[in-house]
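The values are calculated or read from the model by the stated rules, or taken from the named source; none is laboratory data. Because the structure is predicted, anything quoted here is derived from the model rather than measured. Glycine also receives a Cβ, built like all others from the backbone with ideal geometry; neighbour counts cover every protein chain displayed. Ligands, DNA and RNA are stripped out before the accessible areas are found, and what is left, the full protein with its side chains, is counted by its heavy atoms. Shrake-Rupley method; radii C 1.70, N 1.55, O 1.52, S 1.80 Å.
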Amino acid sequence: MTRPLLVLDHHIRETCRELMAAGGRVSGRALRRALRERYGSAGKTDRVFRVWREETERKSAAARPQLPTDIAELQRRLVMAEAAAKENLARAERAELREEAHQDRWAMEVDRLRQAVQAQPRYAAEIRALQERVLRLTVELHAERQVISVIK
């Protein structure tokens, strides 16, 4: 009776990597099936699945974009980001000041015009006199039209 070979961790890793390279995603059951075919034993389930999880995590981590590990590069990026933020803040503050100046200018202009109109009482009196005259003429016109319609 032949005894099955002992499946070592490096055998499990090697088989898992080969299966992933050949077909992409590999299940734990497929890995155990391949180990049984190659070595005559599938190995302990806990150990096989632990190695399988490590290898699939390693592969997915390799697919993710890596952040730079160089501290100098990270510091350079931080300085650039801080400078951009400072510039954006300054631009927003300038825009806010321009908007306030614009609003103040037109508020002052409207106020000046209101005061100018209020300072001309003769103008308002003339307008009232003209409105009264238009009203009186309208009444006279209406009366004359009444007379003409009776005559016809």
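Just checking, which of Val134, Val51, Val139 is among the hydrophobic types (A, V, I, L, M, F, W, C), touching a Cys at 6+ places or on another chain (Cβ under 7 Å) and either under 30 Å from Val7 (Cβ atoms) or at pLDDT 90 or above (or both)?
Val51
Determine, yes or no, whether Glu132 is more than 29 Å from the chain's Cα centre (by Cα), open to solvent by 90 Å² or more (accessible area, probe 1.4 Å) and not polar (S, T, N, Q).
yes
So which of Arg98, Arg25 is exposed (fewer than 11 other Cβ atoms within 10 Å of the Cβ), under 38 Å from the mean Cα position of the chain (by Cα) and outside any helix (DSSP H, G or I)?
Just one listed residue meets the conditions, Arg25.
So which of Glu55, Glu73 ends up being charged (D, E, K, R), under 21 Å from Leu8 (Cβ atoms) and open to solvent by less than 50 Å² (accessible area, probe 1.4 Å)? Step through it out loud before you land on a result.
On the way: Glu73 fails: under 21 Å from Leu8 (Cβ atoms).
Every option except Glu55 fails the conditions.
If I filter the range 112-119 for residues that are more than 30 Å from Thr15 (Cα to Cα), at pLDDT 90 or above, of a type outside the set (Val, Ile, Thr) and open to solvent by 90 Å² or more (accessible area, probe 1.4 Å), do I get at least one hit?
Within the range 112-119 (the criterion being more than 30 Å from Thr15 (Cα to Cα), at pLDDT 90 or above, of a type outside the set (Val, Ile, Thr) and open to solvent by 90 Å² or more (accessible area, probe 1.4 Å)), the answer is yes, since at least one residue qualifies.
Output the qualifying pairs, or none if there are none: Cβ atoms under 9 angstrom, residues six or more apart or on different chains, first residue in the range 67-89 and assigned to a helix (DSSP H, G or I), second residue of a type outside the set (A, V, I, L, M, F, W, C) and surrounded by 10 or more Cβ atoms within 10 Å (Cβ to Cβ).
If the second residue must be of a type outside the set (A, V, I, L, M, F, W, C) and surrounded by 10 or more Cβ atoms within 10 Å (Cβ to Cβ), the pairs left are Leu74/Pro68; Arg77/Pro68.
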